[in-house]
Amino acid sequence: MPFLKVNSKSSIVNRGSSIDHSPFSIHGKASGFTLIELLIVITVFAITTSLITASYLTFERNQRLKAAAQKIKTDIRFTQNEALSGNKGTGGICDSPSFLVGWYLKISSENGENTSYTIFGDCRVQTGSDPCPSGGTETSFNPKVIVFPSGVKITNLTYGIQTPTSANILFQPLVHNTTFWNTISTPPKF
């Protein structure tokens, strides 16, 4: 059996075949990636990363807007249910001789920078024998301010052809003398 011979290039020669352990290939070029190949890979990676980031930011902004719209919808239902249940709050604000006017959801778009809305109940002091006086002192109770997620704001309100700066949505409790209107108008104050 012949012995292995090690030459100066640190390659092993055995029966006419050699194993090259040097960093150079047979043709004398370095094995690995060239600078241009690395720059192309880095450029493709940077473009892909920027597209994914832009897509994610758009998705996240749309999700915040959808969450805010769903929250308003939920709070409108909540306000309606508070009025229909006749919730007069706690602490005796709406006790006799007061009566529950209803529950409000107040939205404002003043200066186009509003980022919140308010829910609150409203009572009126009963004067005389009239159970629903038109005069008297109104008192708000249980105010709750809801702040929109970051980047979401109310810029304008539209009601038919009008563009008011604020809207007060009133839900009144059910009473035994209910009136129905066939046109959009302001309901009478009780």
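The values are calculated or read from the model by the stated rules, or taken from the named source; none is laboratory data. Predicted model, so just to flag it, every value in this text is computed and none were measured. Note that we place each Cβ from the backbone using ideal geometry, even for glycine, and neighbour counts take in every protein chain shown.
Quick check on this structure: which one of N62, N87 is over 29 Å from T163 (Cα atoms), out of contact with any Lys or Arg (no Cβ under 9 Å at 6 or more places or on another chain) and modelled with pLDDT of 80 or more?
Numbers: N62 fails: over 29 Å from T163 (Cα atoms).
Going through N62, N87 in turn, the sole match is N87.
Hey, among the residues in the stretch 107-137 that are surrounded by 15 or more Cβ atoms within 10 Å (Cβ to Cβ) and part of a loop (DSSP other than H, G, I, E, B), which one's modelled with the lowest pLDDT?
My answer is P133.
Identify, by number, the condition in (1) surrounded by 11 or more Cβ atoms within 10 Å (Cβ to Cβ); (2) of a type in the set (S, T, Y); (3) within 18 Å of S150 (Cβ to Cβ) that T58 doesn't meet.
(1)
Quick check on my filter: what residues within the stretch 150-175 are in contact (Cβ under 8 Å) with a residue 60 or more places away in the chain, part of a loop (DSSP other than H, G, I, E, B) and surrounded by 14 or more Cβ atoms within 10 Å (Cβ to Cβ)? So that I can check it myself, show each step before the final result.
Applying the first criterion (in contact (Cβ under 8 Å) with a residue 60 or more places away in the chain) to the stretch 150-175 yields 150-152, 166-174.
Still in the list and also part of a loop (DSSP other than H, G, I, E, B): 150-152, 172-174.
Of everything in the stretch 150-175, those that are in contact (Cβ under 8 Å) with a residue 60 or more places away in the chain, part of a loop (DSSP other than H, G, I, E, B) and surrounded by 14 or more Cβ atoms within 10 Å (Cβ to Cβ) turn out to be V152, Q172, P173.
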